[in-house]
Each structure stands twice: as structure tokens, then as C-alpha cells.
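The values are calculated or read from the model by the stated rules, or taken from the named source; none is laboratory data. The structure presented is a predicted model; accordingly, all values stated were derived computationally and were not measured. Reconstructed Cβ throughout: ideal geometry from the backbone, glycine too, with neighbour counts over all protein chains shown.
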Amino acid sequence: MTDRSAEQDAAVTDRAILTGSAYRTGRDLAARQSIYQWQTPRYDLPGIVVEQLQGTRGSVVDVGCGNGKFIERLRQDRSDLRLLGLDVSLGILAGVPRPVAVADAVQLPLPSSSVDSALALHMLYHVEDIAAAVNELARVVKPGGLVIVSTNSDRDKAELDGLWERASGDILGVANGPGRISLSARFSLEKAPSLLGAGFGKVETIELPGTIAVRSPEPVIAHMRSYRAWADQHAVPFEETIERAREIVTDRIEEAGAFEIGCLGGMLVCTR
């Protein structure tokens, strides 16, 4: 691991960044989520969670629930479940259906074997001690219960990585500028099965590949700008690079009719 990647890993898990800017509200998370409305095929991620939990009765805790979109769907489709949302950021919990609590994934405020299933969706890469968080998830779920985890592949949205490197290079006057920060690199779809296998007897991966095609630069720019909390990790003027990226995407759309991005995310269904 290079010093640079170590610095970025530290930034991705920095509690002050997570609670003070990145997830102080749901704005930037919503910007990252919204780009998927231009993806083919479209995946109903909350619907997949509902389907996976069809055999679950009782209680479900959403660890790192963020803006609560999965809790909202479960309340709609599974009103029989007792739901609890947990997150390290008090601010992002403002609009999440109650009950909610501020909690750390490595020290969950729940007794052992007290919930029937748990969710940890696109959040374990933000936890400094991933192994401890996996152990906590395994601890609080009853024997036979499910834990549903999600993350992205190391190959996810490679076109955005290339776009950032080209735009930042243009700003710096070099062929390829420094890469953008990767949130999921510490717990990618490729790394997740072995990390989760330490706490669970069975881990099943559901891959969700797709292609995003946008005909306006705005969804791409909104997605890239949602990383503003980590602007100092990009080693390049952030806003200048964003505006150069806008120009590049606009030119590509004018030439090809669309700007395309390959996606590969996935869910991992773990059995206690």
C-alpha cells in the first residue's frame, strides 16, 4: 500500500469528515444515488432487500442507514417488521423514520443475538476496523439470521476515474493527473467475501452490472461534486477540475450522443 492510498483510506474513515461534512446531511449521498436513474438495467435495490428478507420475521437493524431509503421501503412493504436505523452522523438521521440512534458499527448498542436480520449497505468501507464491524454484525444477529451487505467493485465507474484523471491532468498541465478518491476500495466487491467470511458461515454474492448513459453532463458533475468532503485528498484544485470535467463530458455527449459509464455493484447475503 502506498502512502497516498493510506492517506485516502484514513480520510474515508475519518469520523470528523463523515459526520461534519460528507454525511452531515443527505445531500451528497442523494447525489451519488441519483445517477443510477440513468442506468440500464435499473435495479430496485430496496426491492432486492425486501425480497431477501421475505423469510425474516421480527426485527431488522439498518447499520449505517444514511438517509433511510431502505428503511422507508421496508416500512412500506414489510409493516410487520420492527425496524431500527443506526448511523454515526446525527445530521443525516434527521429525515429517517423513527426509531433511530447514533451508533458506531464496531460497538453496536444491542444485546447479542437480539435481531433477526441486519443491513450494512454501502457503509463498511467507512469503518476503520472492518473486521470488528463484521464481528459486531455477527454478534447481534440471531443464529440463522441474515446480514445483507452492499458495495461496489474495484472496476465500478472506471470511466469516471478516467474522466477525473484527464480533467485534473489538464488543470495541472500533465497527461494524466492524480486519481480521484475511491470510497469502496477498502471493502470492494472483490474483497468483501473473504472479510465477511470471517464472521459468517455462508456468504452469497449477487452482482449487479449495468451501464449508465447520460445525455446531459449534470448527473455526472453532481456525482463528482458529491465528493467535496474529500476535496483535499485529490491533490488538485477541486472546483477547477470539476469544471474541466464538465467541458469534457459536454464534448463527449455532443460527439457520441451520450456519456456512458460501466457499473458493477453488488449485494452480499450472509447467513449467521
Taking the stretch 1-41 and keeping residues closer than 12 Å to A222 by Cβ, surrounded by fewer than 17 Cβ atoms within 10 Å (Cβ to Cβ) and either in contact with a Lys or Arg (Cβ under 7 Å, 6 or more places away or on another chain) or hydrophobic (A, V, I, L, M, F, W, C) (or both) leaves A30
Within the stretch 48-63, which residues are in contact with a helix residue (DSSP H, G or I) (Cβ under 7 Å, 6 or more places away or on another chain) and either exposed (fewer than 12 other Cβ atoms within 10 Å of the Cβ) or farther than 22 Å from A138 by Cβ (or both)?
V50
Given the conditions (1) more than 20 Å from the chain's Cα centre (by Cα); (2) under 21 Å from G26 (Cβ atoms); (3) assigned to a strand (DSSP E or B); (4) not aliphatic (A, V, I, L, M), report the number of the one that Q76 does not fulfil.
(3)
Pairs only if they're at least six apart or on different chains, beta carbon under 6 angstrom, first in the stretch 234-259 and of a type in the set (S, T, N, Q), second surrounded by fewer than 20 Cβ atoms within 10 Å (Cβ to Cβ); list them, first residue then second.
T241/I171; T250/P217
With the condition being more than 30 Å from T271 (Cβ to Cβ) and at pLDDT 95 or above, I'd like the helices (runs of 4 or more DSSP H) fully within the stretch 154-227 carrying at least 3 qualifying residues.
158-172, 218-225
Scope the stretch 105-140; condition in contact with a Ser or Thr (Cβ under 7 Å, 6 or more places away or on another chain), without any contact (Cβ under 8 Å) to a residue 60 or more places away in the chain and part of a helix (DSSP H, G or I); matching residues
R139
